[in-house]
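What follows is one structure encoded as structure tokens, with my remarks underneath.
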């Protein structure tokens, strides 16, 4: 009798989603991003009512899904990853423009909020297929 075949976990094929402890760490990282962005926002001297006003602005980019899931995933991921808001923050800081800096910080807070709630970067096959798992 032969021993049962053991599957090497490192070679397991997945749908690209993070699971287990790394997923929990990513969500903790997201909460930290929200907190850090809001703490930094407090130094801009911008009004707090501005946050709910612009918090969901990055979600407007989801109109890309009207062009299909591939275009939607590209535009969504562009608006929901940190390089663009980091560039906006750098521009606001460099130009001494607290409103631009504040916008970039709220954008980062939005990304952190989405990740903490389980909304990850999208794959092109379906809106609900994210790097943090399937939505719904």
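Within region 85-95, which residues are in a helix (DSSP H, G or I) and either modelled with pLDDT under 95 or surrounded by fewer than 16 Cβ atoms within 10 Å (Cβ to Cβ) (or both)? Don't jump to the end; show me each part of the working.
Keep residues of region 85-95 that are in a helix (DSSP H, G or I), which gives 85-94.
Correct list: 86, 87, 90, 91, 93, 94.
Name every residue in region 31-69 that is surrounded by 17 or more Cβ atoms within 10 Å (Cβ to Cβ) and part of a loop (DSSP other than H, G, I, E, B), in order of residue number.
Scanning region 31-69 gives 44, 46.
Among the residues of region 96-115, are any assigned to a helix (DSSP H, G or I) and exposed (fewer than 14 other Cβ atoms within 10 Å of the Cβ)?
For region 96-115, residues assigned to a helix (DSSP H, G or I) and exposed (fewer than 14 other Cβ atoms within 10 Å of the Cβ): present.
With respect to residue 72, is the statement that it is part of a loop (DSSP other than H, G, I, E, B) and either over 22 Å from residue 39 (Cα atoms) or in contact with a strand residue (DSSP E or B) (Cβ under 6 Å, 6 or more places away or on another chain) (or both) true?
Working: part of a loop (DSSP other than H, G, I, E, B): no; either over 22 Å from residue 39 (Cα atoms) or in contact with a strand residue (DSSP E or B) (Cβ under 6 Å, 6 or more places away or on another chain) (or both): yes.
In short, no.
Based on what the data block shows, is residue 28 assigned to a helix (DSSP H, G or I), over 21 Å from the mean Cα position of the chain (by Cα) and either at pLDDT 95 or above or surrounded by 13 or more Cβ atoms within 10 Å (Cβ to Cβ) (or both)?
Details: assigned to a helix (DSSP H, G or I): yes; over 21 Å from the mean Cα position of the chain (by Cα): no; either at pLDDT 95 or above or surrounded by 13 or more Cβ atoms within 10 Å (Cβ to Cβ) (or both): yes.
Here the answer is no, as residue 28 does not meet what is asked.
Pick from region 116-134 the residues that are more than 17 Å from residue 78 (Cα to Cα) and modelled with pLDDT of 90 or more: which of them is surrounded by the most Cβ atoms within 10 Å (Cβ to Cβ)?
Checked region 116-134; the qualifying residue surrounded by the most Cβ atoms within 10 Å (Cβ to Cβ) is 116.
Residue-wise test of (1) over 18 Å from residue 16 (Cα atoms); (2) within 13 Å of the chain's Cα centre (by Cα).
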{"position": "50", "(1), (2)": "yes, no"}
{"position": "92", "(1), (2)": "yes, no"}
{"position": "95", "(1), (2)": "yes, no"}
{"position": "98", "(1), (2)": "yes, no"}
{"position": "112", "(1), (2)": "yes, yes"}
{"position": "128", "(1), (2)": "no, no"}
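For region 75-84: of the residues being touching a residue at least 24 places away in the same chain (Cβ under 8 Å) and part of a helix (DSSP H, G or I), which is farthest from residue 127 (Cα to Cα)?
77
The values are calculated or read from the model by the stated rules, or taken from the named source; none is laboratory data. Model, not experiment: these values are computed from the prediction. Please note: Cβ atoms are built from the backbone with ideal geometry, for glycine as well, and neighbour counts cover all protein chains shown.
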